[in-house]
Amino acid sequence: MGYGIAGLAYVGLVVAIITTQGWGLLALVAVQILMILVGAGLAESGESASAPVRYVIQAVRKLFESAAYEIVPVPSSGDPSIDPLLASVDMMARNGERTFAVRILTPERSGPAAAGQKSSNPQTAAVEWGEAAALQTAAWALSSISGSAGLPARTVEPLLVLAGVSPSDGLRAFCQDQALRLVEIDLDTVTRIHDTEPADELRAMAEQYLGLTAASAPGAAGQEAGQSA
């Protein structure tokens, strides 16, 4: 596996803790693990994101809404040991069939720029699998509280969007092994989404880039469409 022994150990640990001890202990352990894996980027949610990141978040939201998805606030569990896990979620989108926890990564959130380092081309920095692990854990936590948090009691699916950055081999392997949807778009496409107004064109873009349709939620084809765009 491209993300290595550490990735396998992380997934095994999460599953084992959920099975034997429940979410309370998972949260205590996972917060420490994810802070190491993701670093400072984990603390920046959609609401606290910088202007360039918000610009991308708004474009993704526009696509969801064009496909008749409702954007809902990320709920609080009320448990201080679980809520830090939810910081990696920028938005939640739902329709009558599915609910998604969405994380959006840009050059400002990954690589040298996120670490405060200078780089002549920050877009060359590959995003590592820790970002997907953080999002997956948040989606699991949201699934466990959805029925009591004003959301439909259903599985919350993680959706990771890379805008202007590329995934590492380890991230691709992690997403494939864990069936976590990964979408890649470039920053020119983000601008085009903002500039597009006709509803039919937006719906076509939502289907092309996110695999979204107003009639049904995205399937596996969404990842392939996003990566081939």
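The values are calculated or read from the model by the stated rules, or taken from the named source; none is laboratory data. Everything quoted here is computed from the prediction, not taken from an experiment. Note that each Cβ is placed from the backbone with ideal geometry, even for glycine, and that neighbours are counted across all protein chains shown.
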Given the structure, is Glu224 charged (D, E, K, R), modelled with pLDDT under 75 and assigned to a helix (DSSP H, G or I)? yes
Take the residues in the range 173-185 that are of a type in the set (D, E, K, R) and crowded, with 20+ Cβ neighbours inside 10 Å; name whichever of them is farthest from Tyr209 (Cα to Cα). Arg181
Within the range 186-213, residues being within 26 Å of Gly96 (Cβ to Cβ) and surrounded by 13 or more Cβ atoms within 10 Å (Cβ to Cβ) number 15
Search result, residues across the range 82-99 that are under 18 Å from Gln136 (Cβ atoms) and among the small types (Gly, Ala, Ser): Ala87, Ser88, Ala93
Considering Val56, Val89, Val72, Val60, which residue is in contact with a strand residue (DSSP E or B) (Cβ under 8 Å, 6 or more places away or on another chain) and surrounded by fewer than 16 Cβ atoms within 10 Å (Cβ to Cβ)? Val72
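Rundown of residues vs (1) surrounded by fewer than 18 Cβ atoms within 10 Å (Cβ to Cβ); (2) on the phi > 0 side of the Ramachandran plot; (3) modelled with pLDDT of 75 or more; (4) not in a loop (DSSP other than H, G, I, E, B), yes/no style:
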residue	(1), (2), (3), (4)
Glu65	yes, no, yes, yes
Ser77	no, no, yes, no
Ser81	yes, no, yes, no
Gly96	yes, no, yes, no
Arg103	no, no, yes, yes
Ala133	no, no, yes, yes
Leu142	no, no, yes, yes
Gly147	yes, no, no, yes
Pro152	yes, no, no, no
From the residues in the range 154-172 that are in contact with a Pro (Cβ under 9 Å, 6 or more places away or on another chain) and part of a loop (DSSP other than H, G, I, E, B), which one is surrounded by the most Cβ atoms within 10 Å (Cβ to Cβ)? Val165
Matching residues, the range 178-215, being acidic (Asp, Glu), farther than 19 Å from Leu105 by Cβ and part of a helix (DSSP H, G or I): Asp195, Asp200, Glu201, Glu207
If we ask which residues in the range 187-221 are hydroxyl-bearing (Ser, Thr, Tyr) and at pLDDT 85 or above, their number turns out to be 4
